[in-house]
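Each value in this text was obtained by applying a stated rule to the coordinates, not by laboratory testing. Here the structure is a predicted model, which is why all the values come from computation and not from measurement. Note that we place each Cβ from the backbone using ideal geometry, even for glycine, and neighbour counts take in every protein chain shown.
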Ligand SMILES: Nc1ncnc2c1ncn2[C@@H]1O[C@H](COP(=O)(O)OP(=O)(O)OP(=O)(O)O)[C@@H](O)[C@H]1O
Ligand SMILES: Nc1ncnc2c1ncn2[C@@H]1O[C@H](COP(=O)(O)OP(=O)(O)OP(=O)(O)O)[C@@H](O)[C@H]1O
Ligand SMILES: [Mg+2]
Ligand SMILES: [Mg+2]
């Protein structure tokens, strides 16, 4: 019998977060003796491009599909097609509003961003102005993280104000320019939350270019972010477990193919990490370079 | 202004068109200053003047292309404002522009009826369109497919399309700005038949040309302009050409005969052997000696331009050899030709000659830029300026400075710029295709002198011209083409009749093949 | 821009050019043959339909771009205009709860109106098309986000809306050919556009403007009006694309659309239309759009890693156009 | 494309045009005045430096694009070529551990080589510039990912690398003017490009090619060679941009770059260079690039919501170009 062929359609490709998911999937593929492919659109707004990728993947007749929906409703007809063809679907990263996926390997982005808000509040002493530099105004992760952070601030920290929310497309250069404008427009700014890796690297860059000492809370990891946390430019960051997401998605797909039952949700978890606990094996395991 | 003569045909006294004290200035140029013009119904009124005198500008004002700065325009004695080409058309004023204004990607018929397409049920009726165009071509005795794309036509044929287009408007006033510049005797005769017919129908015709013989043949009155100003209006019949010329240039020109030395013993500079290219060039062989001017004559579409372009490497050839100074040279592109010492002046200055966006100076230097390049590829603009000034003086190019953009020059002055480019390049072998197209009498004489001087210095020159007098005046020898073949070579003193005989000598086989294709 | 198209391919629909047209498919056919051999899944009905479906939106946008490019202009706003029209449809159908036909009309009207504005800025204010439509692209992108509140608008309350792109009227008549309506609509738009270009005054002036705008003006034609009409028509076609994409995603995604102009223009140019104007065909554009989606689909089917997909796509686009140039030269 | 630029502005650097040039700043100055009034933070030294720094990468890319656009071509690959050069530098400095000067040379050489390839495809194979550079854009994008292993390459082992963009040689001499080197490099590149365009043979042919390529060919000029030289020069300039961005981010980010071509071309066109070729100025392009970054910075400083920023940017780009057209018309 041929090795299982598992097609992963993600929300992105070039970002280090997605590369980490891919690395986890590749690892699982090697461990379990299956083949995986990994694809994602240019930006998280290209819902239709993701549909084309999903359609092409279906044409390939894979054994199973892993899918991180940019918009779960939009994908419903194609997912139905997969179900009709007897191809098991595993959702990952964010949930798919549908009963077709057998399970979802995901992080709770809203809760994770709220944790970032809590840390931020603590680090700036519970009052002052903060800003958010995020990657995308309309994608699920963008919305969840911005809302998770700002809602938490609003509810729990009346003396903290989110003065600016801007979006840099996850592009470091653009995020750098945005950060500089925010810092220059708000000289008394206390903290910035960078809502994904590209954004937070831009924020750190902007901070350094202006020689500011604003508190930065990041998201995800990657070699650069880890180094910046090490050196104190970034106070700390939320990490999901992208490698775990990738790994578990493939593992769940294989289990499904073998007819095993799966839990409804595989929570891959999130953590706050900083200089002090980065080398903690539990944390180190979920960080990627 | 002399008293307005009554129209000889109708005796009517109100002029069809009056333009009074028209002023027009462009940045840096005063194109018109109190210019005047008057046109009667049923009259052919020639508008004369040196290159840059303001003829085209005045007529563009009449046809709604430019707005005037000052002055009055009257139509049938009534003052009018003409603010757009459309409005001029509606008033019955049609114009054939000097610079062809065709849509190159459309067919001949589509060009003619642009804006007035015949329609059926709201849709374009291509059948009717082509039939109507064909009817106009027939009335002009012109053999042209209405469905041919104008881009593929030679400049002369494009000119015929423009004429057909102007005729199709059935205007009361028809302005022809150098309609014959690219035309041959046969087509000119055809055009004159049409003009006479229109004249009889009471159409007023403004006729601009630098071909002096035509003025006598076709026009009733002549208005002369100089430097944008009105000089005078004279009856064509009883004014000697010399008088008109001196009104134009402000002095009398001596028409010195050119001395034509014998070159029969000089070494051959350029030899073309068995040149072929599709149906356009069939087995053409010719040679030019050092110090010789070879005239290349033929009717429109005879293939002279094709031969020149093939020699120059501008178009690929199917077969044939090119020998320069006794050595066979491989020419597959213009740069090879120029390297071999061959220069080619195209008949179509707008598309193939002038870099219209560059200034005069750089256009003149375009083929010889290396000459002005110093260390590090830096251009010596001072030297370039000096050279450009020299040509501006020598060819009396009318331009505010050598930094004027070429596209802002008058047609004739643009032509002079292109000529200057090749004079500067100083090639051993020069092929000039319709070199005096649109050039005024004074400058023409200057160019003839220059060509002669070049020949005397040992250059070999081929002149392609549709003007037989020009060919006869310049050439040591005359080669004649018909339908892609060389039909004969005549000595310099040949008669027009001999040339015409060779130019129409079509072997029956050739005719058959041509029509079959 | 340098015009490298040979005289042979040109304006409008003409029967004499049919054979020539067929040859133009050669690049596309070569791709199809290669992929069919490389993967048994490629030529299966489902995948062919997936390719066609993937072509539909870009194809319609490319047809809009074709009209504008033939005039010698450019339209960078096609992608975000499509999104804007989708959002307008969302407002009409979901927010206002009006019936489906009104949503359809609204999308096309909104597209036409925006095209009218672009056209007017270009024709009357003489702003270069690149700038006018770049500005429009940004304005519409922003407005889509503003109007939708930066959230997708779903069409769950309009049953049948997703049938516009996903249903199959053809399939209900000929069950063997379950051609999705989206593809059918692409073909209908293509036919209409070819008809307009070849048979109507608007089409004639489209070519004439691109060929020599000044000459058209000197011929007494009201060029402003016709230019505006071309941009408005292109806008209306983008409205159709807006319906297609909204229907396909059963939602109006307000952030989508930027970057799509490049794919649309690429399809036009791959299809042999010259960016300098005056010449171009709708069928060429369709072929160009198909080449793009066949390439994307085929490489995915073959499981080529994504970074290599990009490299190969770039190479093949150049090769396909070069092959087309060779074909024309030897013709 | 319709040529709407008036006769007055044209080729090269010319002193007589100095006053005219100054006026061209008016749109930019208007923006600066408005933002200065609206926000006290806008005109602070640090913010001015931030704006200049933000202009540096796009400015350099736009200068590369200017050269190509003046020939009547287009270069869509500037953004991904920049990234490719950055990645090459990363390979040389970080993977191979070679000294800094080699990394600099490698970036510029890589850019020149890629430009050479694009230019050759355009000149020799007669592939339209749009397609050739679109293909290049994709190829280089893919190759950057392949070479880097889809991971950023950091320059941590090359101390001083980030001084290329962020240090301030000017500041060490005149401490009052802490002009970042990135901005200095932009100015140097601009001066060099203006010199090449205005004073050298290459520049002369750049304008001539855009004005009437066929006339240049029929003048016996080896147009292929010069065209290739222009694309190669533009490529080399993209190599400089690659160094700038890598130095600023202290890393080569392989995924970045696509989309940057639109900003670069926009700067060129806002600066008054016509897409139909034959005319254009480097100073215009600089102004265009500054307009874009002043606008972005100012709107952010004012904390305009992002979706409205987009709308306003679109509007102002159209208005700025329109104002420029009015100015030229009344001149
Ligand atoms: N658009 C323009 N801008 C600047 N100068 C112009 C423009 N059009 C014409 N001129 C100048 O106006 C003068 C008159 O030009 P015009 O074309 O009317 O001459 P012309 O008598 O028709 O000459 P020709 O016999 O060479 O055709 C010339 O000096 C020309 O350079
Ligand atoms: N009836 C026709 N319709 C269209 N094209 C024609 C016709 N007759 C000849 N031609 C074309 O004319 C071209 C030859 O003209 P060419 O310009 O070389 O000749 P020429 O002697 O220089 O004439 P011209 O005086 O027109 O410049 C060929 O390309 C030929 O195909
Ligand atoms: Mg004239
Ligand atoms: Mg000829």
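Values computed for the structure shown
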quantity: Residue D:25/residue D:172 FRET efficiency (R0 30 Å; Cβ-Cβ; nearest 0.05); calculated: 0.55
quantity: Fewest-first ranking of D:183, B:417, using other Cβ atoms within 10 Å as the exposure measure; calculated: D:183, B:417
quantity: Alpha carbon centroid spacing (whole Å) that separates the range C:118-151 from the range B:438-497; calculated: 59
quantity: Point-to-point label distance, residue B:453-residue C:146, nm (Cα→Cβ direction, 7 Å offset); calculated: 6.9
quantity: Estimated [θ] at 222 nm from DSSP helical runs (n ≥ 4, -39500 (n - 2.57)) normalised by residues in chain A, nearest 500; calculated: -14500 deg cm²/dmol
quantity: All Cα pairs of the range C:169-231, percent lying beyond 20 Å; calculated: 46
quantity: Distances in nm from residue C:37 to the matching label points in the other copies, shortest first (labels 7 Å along Cα to Cβ); calculated: 7.0
quantity: Label distances, nm, residue C:323 versus same residue in remaining copies, Cβ-directed 7 Å point; calculated: 5.1
quantity: Average other protein chain Cβ within 10 Å of Cβ, residues B:83-90; calculated: 3
quantity: Reference-scaled alpha-carbon Rg (2.2 N^0.38 Å with N residues) for the range B:270-352; calculated: 1.03
quantity: Over chain B, relative contact order from alpha-carbon pairs under 8 Å, at least 6 apart, %; calculated: 16
quantity: Between the range D:235-313 and the range C:273-331, the alpha-carbon center distance in angstrom; calculated: 28
quantity: Per-residue mean of C-beta atoms belonging to partner chains within 10 Å, peptide D:71-83; calculated: 1
quantity: Equivalent-ellipsoid semi-axes of the range C:155-279, from the Cα gyration tensor, Å, largest first; calculated: 34, 17, 14
quantity: Rg [Å, one decimal], Dmax [Å, integer] - the range B:268-516, C-alpha atoms; calculated: 18.3, 61
quantity: Value of [θ]222 nm, deg cm²/dmol, for chain B, DSSP H segments ≥ 4, -39500 (n - 2.57) each, nearest 500; calculated: -9500 deg cm²/dmol
quantity: Stokes-Einstein D for chain A, Kirkwood Rh over Cα pairs, 4 °C, 1.567 mPa s (µm²/s); calculated: 67
quantity: Alpha carbon Rg of the range B:102-169, scaled by the compact-globule rule 2.2 N^0.38 Å; calculated: 1.01
quantity: All-pairs Cα distance distribution in the protein assembly as shown, expressed in whole percent, bin size 10 Å; calculated: 1, 8, 15, 19, 19, 14, 10, 7, 4, 2, 0, 0
quantity: Cα gyration tensor of chain B - equivalent ellipsoid semi-axes, whole Å, descending; calculated: 38, 28, 23
quantity: Label-point gap, in nm, between residue B:241 and residue B:279 - each point 7 angstrom along Cα→Cβ; calculated: 3.8
quantity: Whole-number Å³ per residue for the convex hull built on Cα positions in chain C; calculated: 143
quantity: Folded to 0 to 90 degrees: helix A:47-59 orientation relative to chain A principal axis, Cα; calculated: 30
quantity: Average beta carbon contacts from partner chains per residue of B:350-360, 10 Å cutoff; calculated: 6
quantity: Share of pairwise Cα separations in the range A:57-208, more than 18 Å, in percent; calculated: 62
quantity: Calculated FRET efficiency for the pair residue B:30/residue B:505, C-beta based, R₀ 51 Å, to 0.05; calculated: 0.50
quantity: For chain D, calculated [θ]222 nm from helices alone, where every DSSP H run of n ≥ 4 adds -39500 (n - 2.57); calculated: -23500 deg cm²/dmol
quantity: Residue with peak Gaussian network fluctuation, chain A [Cα springs, cutoff 10 Å], from A:207, A:129, A:258; calculated: A:258
quantity: Max mean-square fluctuation residue, GNM over chain D, Cα-Cα springs under 10 Å, options D:292, D:283, D:32; calculated: D:32
quantity: Within the range B:268-516, percent of DSSP bridges classed antiparallel, to nearest 5; calculated: 55
quantity: Shortest-first nm distances, residue C:159 label point to equivalent points in other copies (7 Å, Cα→Cβ); calculated: 7.3
quantity: Listed residues D:68, D:146, D:240, most fluctuating in chain D (Gaussian network, C-alpha, under 10 Å); calculated: D:146
quantity: Residue A:231-residue A:111 pseudo-label distance in nm [points 7 Å out on the Cα-to-Cβ vector]; calculated: 3.5
quantity: Residue order, fewest to most surrounding Cβ atoms within 10 angstrom, among A:42, B:50; calculated: A:42, B:50
quantity: Directionally averaged projected area (convex hull, Cα atoms, the range D:34-160), nm²; calculated: 10.5
quantity: Relative contact order (%) - criterion: Cα under 8 Å, at least six apart; region: chain C; calculated: 35
quantity: Tail beyond 20 Å, pair distance distribution of the range B:29-133 (Cα, percent); calculated: 52
quantity: Computed Kirkwood radius, in angstrom, where 1/r is averaged over Cα pairs of the range B:222-365; calculated: 18.9
quantity: Residue C:327-residue C:188 FRET efficiency (beta carbon distance; Förster radius 35 Å; 0.05 resolution); calculated: 0.75
